[in-house]
Amino acid sequence: MSDPKPMLPTTTGALAALTGARLVGPDNIEITSVDSAEVARPGTLTFARSAKYVRTFIESQASAALVNADAVSPDRPPTLPEGKALLVVPSADHAIARLLDALTPRTEVIPGVDASAIISPDARIDPTARVDAYAVIGAGTEIGPRVSVGVGVVIGRNCRVGEGTTIAPRVTLYDKVSIGRRCIIHAGVVMGSDGFGFLPAPDGRGLLKIPHVGSVEVHDDVEVGSNSTVDRGKFGPTIIGQGTKIDNLCQIGHNCRIGRMCIICGMSGLAGSVTLGDGVVIGAKSGVKDNLSMGPGSRLAGASTVLENVPAGETWMGSHARPVMENLRSLAEYQRLPETTARFRAADKQLADRIALLEEELRALRESQERRDAAHDASSHVRGSHD
């Protein structure tokens, strides 16, 4: 492997030219690192999305900051201490991503197959690919141009790995897994294992395993995080669409169909046969019930559970996920529940006290009426005896 040195140190002027930023402050400040404002030191470049974080930058030791244009007034820029500069860009997030890409060492794939690798005679390895130590590649598998296969990777039979893809150490691809071009499969990923399918045995004694004879198809420019798993389909393929990014520790069930440019954050799981439209975003620690769909552009907040189909473009949240505003209203009502309960209890006590008072008054009225009736009866008896 070859690791060219990153382009640091540099200057604020050079960074402004690289990012297309409007520079506020000196162009000759030396930049030696990139970090957050909280841990910055002199020579550090940080970034700020809002005016609040511009103030944080000014109070920090950082020397420069990439800042969103809407956080700095062009007519009244903030007063900067000596030795500080702002690089004003339309989007600090996009600019910092571009800058980090420029600063990241490029890892060049040096072709070759390590002597300890075990490769089937029927496998086809492009001469520009690299296969590292102790990798295993099965019969009928094709490894494309400039592919990097890491240490200890196991690739089964009849797999395909497309041009420029990186397979990190200890990845396992079962048979019939197809991976597109320019993908990144991080360490510990398992693709093509059996889906989770069982039936009660006819005699009621145990569970019968349902065979899964399908495959996995990963399209171009996909990234899958460490220790995530993608199950093979029961019949056809489990599909991950072009440009989709899956975080660490995610579970993709059998026959899921994930669209293009989706984002699935860490520790999330899709049960079998879930369909995600293009551009779906799923927050961390979330789950989607089997056979459901999330429409294109829909979003799911973290720690949510989808138990019914989510329409296109909507944002849902909650342990029984519902549209976000509906869920927030329910949450607000829930948070007011102690106050509401206290009011009801107070009203109930007032009502009980009032009922007790009315019952006491009614009892007094009955007693008074009984005394009047008794006096009347006595009077009538006396008049009758005189007659």
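For Arg181, indicate whether it is in a loop (DSSP other than H, G, I, E, B), under 25 Å from Gly259 (Cβ atoms) and charged (D, E, K, R). Please lay out each step first, then the result.
On the way: in a loop (DSSP other than H, G, I, E, B): yes; under 25 Å from Gly259 (Cβ atoms): yes; charged (D, E, K, R): yes.
So Arg181 passes the test.
Taking the stated definitions as given, is Asp203 in a loop (DSSP other than H, G, I, E, B), at pLDDT below 95 and either touching a helix residue (DSSP H, G or I) at 6+ places or on another chain (Cβ under 7 Å) or of a type outside the set (Gly, Ala, Ser) (or both)?
On the way: in a loop (DSSP other than H, G, I, E, B): yes; at pLDDT below 95: yes; either touching a helix residue (DSSP H, G or I) at 6+ places or on another chain (Cβ under 7 Å) or of a type outside the set (Gly, Ala, Ser) (or both): yes.
Yes: the conditions hold for Asp203.
From the list Gly188, Gly192, which one is modelled with pLDDT of 95 or more and under 22 Å from the mean Cα position of the chain (by Cα)? It would help to see each step written out before you state the result.
Details: Gly192 fails: under 22 Å from the mean Cα position of the chain (by Cα).
Gly188 is the lone residue from the list that is modelled with pLDDT of 95 or more and under 22 Å from the mean Cα position of the chain (by Cα).
Quick one: how many residues across segment 249-272 are surrounded by 19 or more Cβ atoms within 10 Å (Cβ to Cβ), assigned to a loop (DSSP other than H, G, I, E, B) and not charged (D, E, K, R)? Total satisfying the criteria: 11.
Kindly indicate the residue of segment 75-124 that is among the basic types (Lys, Arg) and outside any helix (DSSP H, G or I) and also surrounded by the most Cβ atoms within 10 Å (Cβ to Cβ) among those meeting that condition. It would help to see each step written out before you state the result.
Residues of segment 75-124 among the basic types (Lys, Arg): 76, 84, 98, 106, 124.
Now drop any that are not outside any helix (DSSP H, G or I), which leaves 76, 84, 106, 124.
Values: Arg76: 7, Lys84: 22, Arg106: 9, Arg124: 14.
Checking each candidate, the answer is Lys84.
Conditions (1) surrounded by fewer than 21 Cβ atoms within 10 Å (Cβ to Cβ); (2) modelled with pLDDT under 95; (3) more than 13 Å from Ser215 (Cβ to Cβ), marked per residue:
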| position | (1), (2), (3) |
| --- | --- |
| Pro145 | yes, no, yes |
| Gly150 | yes, no, yes |
| Ile155 | no, no, yes |
| Val161 | no, no, yes |
| Thr165 | no, no, yes |
| Ala168 | yes, no, yes |
| Leu173 | no, no, no |
| Val177 | no, no, no |
| Arg182 | yes, no, yes |
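The residues in segment 88-125 that are of a type in the set (S, T, N, Q) and either closer than 26 Å to Pro77 by Cβ or touching a Pro at 6+ places or on another chain (Cβ under 7 Å) (or both) can be counted, and the count is 2.
Is it the case that Ser215 is of a type in the set (S, T, N, Q) and more than 28 Å from Thr315 (Cα to Cα)?
So Ser215 passes the test.
Based on what the data block shows, is Ala65 under 27 Å from Arg106 (Cα atoms) and not polar (S, T, N, Q)? The answer is yes for Ala65.
Within segment 172-205, how many residues turn out to be in contact with a Phe, Trp or Tyr (Cβ under 9 Å, 6 or more places away or on another chain) and either among the aromatic types (Phe, Trp, Tyr) or more than 20 Å from Asp132 (Cα to Cα) (or both)? First the steps, then the outcome.
Here is the first cut: in segment 172-205, the residues in contact with a Phe, Trp or Tyr (Cβ under 9 Å, 6 or more places away or on another chain) are 190-194.
Next cut, either among the aromatic types (Phe, Trp, Tyr) or more than 20 Å from Asp132 (Cα to Cα) (or both) only: 192-194.
Selection size over segment 172-205: 3.
If you go through segment 23-34 and pick out every residue that is within 21 Å of Asn68 (Cβ to Cβ) and loosely packed, with under 15 Cβ neighbours inside 10 Å, you end up with 1. A search for C-beta distances below 7 Å between a residue of segment 91-118 that is over 17 Å from Ala133 (Cβ atoms) and any residue that is surrounded by 12 or more Cβ atoms within 10 Å (Cβ to Cβ) and polar (S, T, N, Q), counting only pairs 6+ apart in sequence or on different chains, returns Ser91/Asn68; Ala92/Asn68; Ala95/Thr19; Arg98/Thr19; Leu99/Thr19.
Assess whether Glu361 counts as being surrounded by 10 or more Cβ atoms within 10 Å (Cβ to Cβ) and among the acidic types (Asp, Glu). So that I can check it myself, show each step before the final result.
Details: surrounded by 10 or more Cβ atoms within 10 Å (Cβ to Cβ): yes; among the acidic types (Asp, Glu): yes.
So Glu361 passes the test.
Looking only at residues of segment 309-327 that are within 17 Å of Ala284 (Cα to Cα) and surrounded by fewer than 14 Cβ atoms within 10 Å (Cβ to Cβ), we find that the one that is nearest to the chain's Cα centre (by Cα) is Ser319. Within segment 213-235, the residues that satisfy the criterion of being under 28 Å from the mean Cα position of the chain (by Cα) and either over 18 Å from Leu270 (Cα atoms) or not in a strand (DSSP E or B) (or both) are Gly214, His219, Asp220, Asp221, Val222, Gly225, Ser226, Asn227, Ser228, Arg232, Gly233, Lys234.
Scanning segment 9-32 for residues that are within 18 Å of Leu80 (Cα to Cα), assigned to a loop (DSSP other than H, G, I, E, B) and either out of contact with any strand residue (DSSP E or B) (no Cβ under 8 Å at 6 or more places or on another chain) or of a type in the set (S, T, N, Q) (or both) yields a single hit, Asn28.
Taken over segment 33-47, the residue count meeting the criterion of being within 15 Å of Ile96 (Cα to Cα) and assigned to a loop (DSSP other than H, G, I, E, B) is 2.
Looking only at segment 48-63, count every residue that is among the hydroxyl-bearing types (Ser, Thr, Tyr) and either part of a loop (DSSP other than H, G, I, E, B) or under 12 Å from Ala85 (Cα atoms) (or both) and tell me the total. Total satisfying the criteria: 3.
Taken over segment 156-178, the criterion of being within 22 Å of Pro127 (Cβ to Cβ) and assigned to a strand (DSSP E or B) is satisfied by Arg160, Val161, Thr166, Ile167, Leu173, Ser178.
Out of the residues in segment 57-83 that are among the acidic types (Asp, Glu) and more than 16 Å from Ala21 (Cα to Cα), state the one that is farthest from the chain's Cα centre (by Cα). Result: Glu82.
The values are calculated or read from the model by the stated rules, or taken from the named source; none is laboratory data. Model, not experiment: these values are computed from the prediction. As a convention, Cβ positions derive from the backbone with ideal geometry for all residues, glycine included, and neighbour counts pool all protein chains shown.
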